[in-house]
Amino acid sequence: ERAVSAPATHGPLKGHIVAVDAGHGGYDGGAKAPGGRWEKEYNLQIAKYLQEYLHSLGAEVVMTRDGDYALCDVNPKMRKKRQDMERRAELVLDAGAEVLVSIHMNEYRDKSQSGPQVFFRKDCPAGRQFAGLIQTSMVEALKPRRKRTALSGDFYIVSLGIPSALVECGFLSNAAEEALLRTEAYGRRVAEAIGNGVAAWFAQETRPEAAPRENR
């Protein structure tokens, strides 16, 4: 395991703060690959690769988790998932993150489905564009069989009032893609593609506004 990287002293993202959310964790495993490995493990690994890559571009990175745990109490007064998500939101916003990327894995009953799929908040012009840049970067870098476009989705983590994207990096239900997602080489390719999409967002001269935070 490498030592945690630090932001480069220069680079295109110098001075920017990016939040990276590794979906699920702890009691919440997420989807399960046919071989028995939980989604939370793939998410964390790619989130760490993304953190390292964004650091190489000069960005400060806020991680909502850096190990196998959820951000909720053992016996919370509210639903565990709700408390976990609210605490992730607090971490992101308290750190002053300008954008957020939430890392996930897909699954589907049709085991032939493969490739990345990026989601954004429906009523957020900034999120739509941010997610679109990440989706385009992933299609170019990974050359999936199906070249998807970014879609709107109703996810709490993309409703925090900053440009946000939920990235389904691939399908655990597809044996060939799941095998790739377990490798460091492919995981780093995925992370770099996401990071290049983030860099493309900040490289624009003008950027649309994010919709205000939703109260849920």
Exercise. For residue 201, what accessible area in Å² do you get when you roll a 1.4 Å probe over the heavy atoms of the protein chains, rounding to the nearest 10?
Worked result: 10 Å²
Problem set entry | Ranking by accessible area, most exposed first, for 16, 55, 10 with a 1.4 Å probe | 10, 16, 55
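Kindly identify the chain as rounded, prolate or oblate by the Cα gyration tensor criterion: order the square roots of the eigenvalues as a ≥ b ≥ c, call it rounded if a/c is under 1.5, otherwise compare a/b with b/c, prolate if a/b is larger, else oblate. Before the final figure, lay out the partial values.
Numbers: a/c = 1.26, a/b = 1.07, b/c = 1.18.
Rounded is the answer for the chain, as its axis ratio a/c remains below 1.5.
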Exercise. What is the distance, in nm, between label points placed 7 Å from the Cα along the Cα-to-Cβ direction at residue 141 and at residue 185?
Worked result: 1.7 nm
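Placing +1 at every Lys and Arg Cβ and -1 at every Asp and Glu Cβ, with all other atoms neutral, what dipole size does the range 1-133 have around its Cα centre, in debye to the nearest 20? Present the calculation step by step, with values, prior to reporting the outcome.
Working: 19 positive and 18 negative charges, 87 e Å.
Here the range 1-133 has a charge dipole of around 420 debye.
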Exercise. How many nm is it between the label spots at residue 79 and residue 32, if each spot is 7 Å from the Cα in line with the beta carbon?
Worked result: 2.1 nm
Exercise. Where a Cα-Cα gap under 14 Å defines reach, which aspartates and glutamates qualify for residue 122, not counting those fewer than 8 residues away within the same chain?
Worked result: 154, 209, 214
Exercise. When only C-alpha pairs under 8 Å and at least 6 residues apart count, what is the relative contact order of the range 1-81, in percent?
Worked result: 41 percent
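Just to confirm a number: summing +1 for Lys and Arg and -1 for Asp and Glu over residues other than residue 86 whose beta-carbon lies under 15 angstrom from that of residue 86, what do you get? Kindly include the intermediate steps, with their values, before the conclusion.
On the way: positive: 65, 77, 79, 80, 81, 82, 87, 88, 213, 216; negative: 21, 28, 73, 84, 90, 94, 214.
Charge balance near residue 86 sits at +3.
Could you check how much of the accessible area of the range 50-152 is carbon and sulfur, as a whole percent, using a 1.4 Å probe?
Numbers: 2530 of 5210 Å².
Carbon and sulfur atoms account for 49 percent of the accessible area of the range 50-152.
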For this session: Decide, for the range 22-126, between rounded, prolate and oblate: order the square roots of the alpha carbon gyration tensor eigenvalues as a ≥ b ≥ c, take rounded if a/c falls under 1.5, and otherwise choose prolate if a/b is larger than b/c, else oblate.
Result: rounded
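Quote the relative contact order of the chain in percent (integer), defining contacts as alpha-carbon pairs under 8 Å separated by 6+ residues.
Values: 465 pairs, mean separation 52.1, N = 216.
In percent, rounded to a whole number, it is 24.
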Seminar exercise, completed: With Cα springs under 10 Å, the Gaussian network model of the chain assigns the largest mean-square fluctuation among 116, 163, 76 to 76
For this session: Quick one: which residues, 5+ away or cross-chain, put their amide H under 5 Å from the amide H of residue 22? H built at 1.01 Å from N.
Result: 64, 65, 103
Exercise. Using alpha-carbon positions, what is the distance between the centroids of the range 86-138 and the range 159-177, in Å?
Worked result: 6 Å
Seminar exercise, completed: Calculated from DSSP helices alone, with each H run of at least 4 adding -39500 (n - 2.57) and the total divided by the residues of the chain, [θ]222 nm to the nearest 500 comes to -12000 deg cm²/dmol
Problem set entry | 23 Å Cα-Cα reach of residue 32 towards lysines, excluding residues that sit fewer than 8 places from it in its own chain | 40, 48, 80, 81, 111
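Measuring with a 1.4 Å probe in the full set of protein chains, what accessible area per residue, in whole Å², belongs to the chain? Intermediate results must be reported in sequence, preceding the final value.
On the way: 10410 Å² over 216 residues.
I get 48 Å² per residue for the chain.
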For this session: With springs connecting C-alpha atoms under 10 Å apart, model the chain as a Gaussian network and identify which of 179, 59, 47 has the largest mean-square fluctuation.
Result: 179
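Could you size up the charge dipole of the range 78-216 around its Cα centre, putting +1 on the beta carbon of Lys and Arg and -1 on that of Asp and Glu, and report it in debye to the nearest 20?
On the way: 22 positive and 18 negative charges, 93 e Å.
Value, rounded to 20: 440 debye.
The values are calculated or read from the model by the stated rules, or taken from the named source; none is laboratory data. What you are looking at is a predicted structure, and each value in this text was computed from that prediction instead of being measured. Backbone-built Cβ (ideal geometry, glycine too); neighbour counts: all protein chains shown. SASA here: full protein model, heavy atoms, side chains in, ligands and nucleic acids out. Shrake-Rupley method; radii C 1.70, N 1.55, O 1.52, S 1.80 Å.
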